[in-house]
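The structure appears below as structure tokens.
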Amino acid sequence: MLTNTYQPDTATQLEIFRRMALLKANDERTRKMITNGRLMTVYYSYRGQEVIPAAMSVNLKDEDYLCTIYRGIHDMLAKGLPLKALWAEVAGRVDGTCKGKGGPMHLTYPEKGVMVTTGVVGSSMPIANGLAWASQLSGNGRVTVANFGDAASNIGAFHESLNLASVWKLPVIFVCQNNRWGEHTAYHLSTGGERIADRAKGYGMHGIHVNGNDPFAMYSAAREAVERARAGEGPTLIEAMTYRFNGHVFGDADRYIDPAEKAKWIEADPYPIFRARLVETGVASEAELAKIEADFDAEVEAAAEFGLASEYPAAGELTTDVYGVAA
Amino acid sequence: MSAAAEAKAKPINNLAALNLALHDAMAEDPQVLVLGEDVADGQEGGVTGVTRGLSTKFGEKRVRSTPISEQAIIGAAIGASLVGYKPVAEIMLMNFTTVAMDMIVNHAAKLRYMSGGHTNVPIVIRTMTGAGFSTGGQHSDYFEAWFAHTAGLKVVAPSCPEDCYGLLRSAIDDPDPVLVIENMPIYWTPGTAPVSGARVPIGKARIVAEGSDVTLISYSRMVHECQGALAKLGEAGVSAELIDLRSISPWDREAVLASVGKTGRAIIVHEAVVPFGAGAEIAAVISEALFGRLKAPVKRIGAPFTPVPFSKPLETAYLPNAEKIAEAAIALVKG
């Protein structure tokens, strides 16, 4: 079910790369700071999965909505979540997106449409439907993207959500980032059916199975789904094939993963492949791309230092924001 | 005749009061939505008719019948509420809230806090329950203690039409998730009609009857059973004060402590099973605040620690009633 209906122009290709570069720089800085002990956090690295949100987000506007999961910082950065507020939140500081009270699993930034990040597998989807329902009611043309992994396609919320989205013809895009692993359990041990995209048919909706590491294919799939949603023609399930380079939680020994499999995927890292292609096809020079990368390295480093230098929330914050009107 | 006098002249039942509250709320605020199984008029306007007339009047975009998908129902409500809508979701029976616990407890209750106050979830979850019609072990439970035990949720349980109307209106106004527990056997119990637009504040109790020997603290259907007990208590020379909490979380500590401070004796009566019930929390607060001033230990009356049985005599034995309440109160006062 590959689709090549849409081709990204050179400006879009460069923008996709730019976002990938941001995501890669942020992941590398995060892992570095955890390794050297400056940052204490449980981190779900998305390294290897940068293409999906980069290619998706160039089709979205600030006011479109995003729901994602604990392995979702790439989705959020691509959507426009600011780096400083991200780092402060990850570090539990009051300048974070959520005053330090949510942490990386609950990053929220409504100004850029980042409405919910959840730590419960599958729970991005039912709430995404609600955001899509609101857009449908108001007729404002906004679409909602719900991100989740392959293992989430087996939880009840997936089934309830895809069914409701189909029946109500909601402007929602379900993006399944299939990295072949659900925590420590491989796809073939947890998921019935060859392709998750095939499940879409069962719900009466469109499904696209795509190489999520190919920026061109991913862009096309994303644009098709976004345009379908904006036109009021209902939801799409995109199953984007990819791989995670750092296991489930960063720091795990990953003993359950065949080293040869992992090595093969890391060797086929889509980042340098796309980078080389941009230079080869004259979309950008080596110097331009190197500058993009260097600028992001500096920006991410500055954001990380900002985060760590920020204040912790005051003690009184423990008991605020439980209710709007006091209980 | 004034509006208030006219309202008093024609009693309505709880079901009609809830229906009226929804009609009035939807008429006043275009952001109010209704969703749930069978709620639209094409599907009978709700399994007991609470939502009757709404889809006809306000359209099938604002009033939507859903598939049998409790997680999806609550998730849709949450999502729409994040961006300006006020969804009133129906979970047909309180036992089915269990299917949506992740959405209710992990999400609705916590998104305001976890977002640092940048988003909030102004949803209402209406749900029906109550033993008495032999619907059995999975269609009759009271789970208010679970939800009251979750920071970020509010829980109310009206007993009469004025409070059904007023609390539902307040719940819809509330910027946080509110669970409204409706008792099914008393849906058709008539009472004073509400005044249009009148709100009952969440967290405020109603003193139903004043007395001096013992305070009965109750909510939902058991308020009616307590009212039935009052006559028997009067005959036995026991003067009982009856408080209808109306709200379980938050609950009216001030009113309860003032009353028990006066009478020196407290009995909490709820239909939910006694062990680990809401009564345990209320009893603990009373005991802590009024230790030394109590004339008797704080008592709780509720269902026994069993599922709700099907067979009619067993179900009747399961439920607290006016006789059991009166007996316990007389024993407490007269020793």
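The values are calculated or read from the model by the stated rules, or taken from the named source; none is laboratory data. None of the values given here were measured: they were computed from a predicted structure. No Cβ is skipped: glycine too gets one built from the backbone with ideal geometry, and neighbour counts run over all protein chains shown. Note: accessible area is taken over every heavy atom of the protein model, side chains too, but ligands, DNA and RNA are not part of it. Shrake-Rupley method; radii C 1.70, N 1.55, O 1.52, S 1.80 Å.
For this structure, a couple of remarks:
- Listed by first and then second residue, the pairs with beta-carbon distance under 9 Å, at least 6 apart or on different chains, first residue in segment A:260-287 and on the phi < 0 side of the Ramachandran plot, second open to solvent by 40 Å² or more (accessible area, probe 1.4 Å) and among the small types (Gly, Ala, Ser), are A:279/A:285; A:283/A:11.
- Test: residue B:121 is more than 15 Å from residue A:115 (Cα to Cα) and either more than 8 Å from chain A (Cβ to nearest Cβ) or modelled with pLDDT under 95 (or both): no
- Some residue of segment B:299-311 being assigned to a helix (DSSP H, G or I) and aliphatic (A, V, I, L, M): no
- Scan of segment B:24-43 for residues that are without any contact (Cβ under 8 Å) to a residue 60 or more places away in the chain, farther than 14 Å from residue B:126 by Cα and open to solvent by less than 30 Å² (accessible area, probe 1.4 Å), ordered by number: B:26, B:40
- The set of residues in segment B:107-124 being assigned to a loop (DSSP other than H, G, I, E, B) and basic (Lys, Arg) consists of B:110 alone.
- Single residue of segment B:177-213 satisfying the filter (touching a helix residue (DSSP H, G or I) at 6+ places or on another chain (Cβ under 7 Å) and within 14 Å of another protein chain (Cβ to nearest Cβ)) that is surrounded by the fewest Cβ atoms within 10 Å (Cβ to Cβ): B:201
- Taken over segment B:311-335, residues that are of a type in the set (Val, Ile, Thr) and either in contact with a His (Cβ under 6 Å, 6 or more places away or on another chain) or farther than 25 Å from residue B:134 by Cα (or both) amount to 2.
- Among the residues of segment B:209-222, the ones that are under 16 Å from the mean Cα position of the chain (by Cα) and over 21 Å from residue B:331 (Cβ atoms) come to 3 in all.
- Failed item in (1) free of Cβ contacts under 8 Å to residues at least 60 places away in the same chain; (2) open to solvent by 20 Å² or more (accessible area, probe 1.4 Å); (3) within 14 Å of chain A (Cβ to nearest Cβ), with residue B:133 passing the rest: (3)
- Single residue of segment B:20-73 satisfying the filter (small (Gly, Ala, Ser) and within 12 Å of another protein chain (Cβ to nearest Cβ)) that is nearest to residue B:195 (Cα to Cα): B:59
- In segment A:223-243, residue nearest to residue A:62 (Cα to Cα) [restricted to those that are in contact with a strand residue (DSSP E or B) (Cβ under 7 Å, 6 or more places away or on another chain) and in a loop (DSSP other than H, G, I, E, B)]: A:235
- As a summary of the residue check, residue B:78 satisfies the conditions (1) closer than 24 Å to residue B:157 by Cβ; (2) more than 10 Å from chain A (Cβ to nearest Cβ) except for the one numbered (2).
- Whichever residue in segment A:92-106 is of a type in the set (D, E, K, R) and more than 7 Å from chain B (Cβ to nearest Cβ) and, among such residues, is most open to solvent (accessible area, probe 1.4 Å): A:95
- Subset tally (residues that are over 24 Å from residue B:105 (Cα atoms), touching a helix residue (DSSP H, G or I) at 6+ places or on another chain (Cβ under 6 Å) and not aromatic (Phe, Trp, Tyr)) for segment B:165-176: 0
- Filter result for residue B:127 (more than 8 Å from chain A (Cβ to nearest Cβ) and in a loop (DSSP other than H, G, I, E, B)): no
- Selection count where residues are among the polar types (S, T, N, Q), in a helix (DSSP H, G or I) and touching a Phe, Trp or Tyr at 6+ places or on another chain (Cβ under 9 Å), scope segment B:19-35: 0
- Within the span defined as segment B:304-313, one or more residues are farther than 24 Å from residue B:181 by Cα and not hydroxyl-bearing (Ser, Thr, Tyr).
- Exclusive hit being open to solvent by less than 10 Å² (accessible area, probe 1.4 Å), more than 9 Å from chain B (Cβ to nearest Cβ) and among the small types (Gly, Ala, Ser), set A:157, A:165, A:152: A:152
- Selected residue (criterion: farthest from the other protein chains (Cβ to nearest Cβ)) from residues of segment A:124-136 that are in contact with a strand residue (DSSP E or B) (Cβ under 8 Å, 6 or more places away or on another chain) and more than 14 Å from residue A:233 (Cα to Cα): A:124
- Residue B:272 being more than 21 Å from residue B:130 (Cα to Cα) and aliphatic (A, V, I, L, M): no
- As for segment A:110-121, it holds at least one residue that is touching a Gly at 6+ places or on another chain (Cβ under 7 Å) and within 13 Å of chain B (Cβ to nearest Cβ).
- Condition check for residue A:258: over 30 Å from residue B:109 (Cβ atoms), at pLDDT 95 or above and either open to solvent by 70 Å² or more (accessible area, probe 1.4 Å) or within 14 Å of another protein chain (Cβ to nearest Cβ) (or both): no
- When B:231, B:198, B:193 are checked against the criterion of being modelled with pLDDT under 95 and over 25 Å from residue B:281 (Cβ atoms), B:231 stands alone in meeting it.
- Condition check for residue A:271: aromatic (Phe, Trp, Tyr) and in contact with an Asp or Glu (Cβ under 8 Å, 6 or more places away or on another chain): yes
- Checklist (1) in a helix (DSSP H, G or I); (2) within 9 Å of another protein chain (Cβ to nearest Cβ); (3) not hydroxyl-bearing (Ser, Thr, Tyr) applied to residue B:84, failing item: (1)
- Qualifying residues in segment B:87-118 (those that are at the interface with another protein chain (Cβ under 7 Å from one of its Cβ atoms) and surrounded by fewer than 21 Cβ atoms within 10 Å (Cβ to Cβ)) - the one farthest from residue A:96 (Cα to Cα): B:106
- Residue identified as in contact with a Gly (Cβ under 7 Å, 6 or more places away or on another chain), buried (at least 24 other Cβ atoms within 10 Å of the Cβ) and over 21 Å from residue A:210 (Cβ atoms) among A:63, A:89: A:89
- Any chance residue A:138 is buried (at least 24 other Cβ atoms within 10 Å of the Cβ), among the polar types (S, T, N, Q) and over 18 Å from the mean Cα position of the chain (by Cα): no
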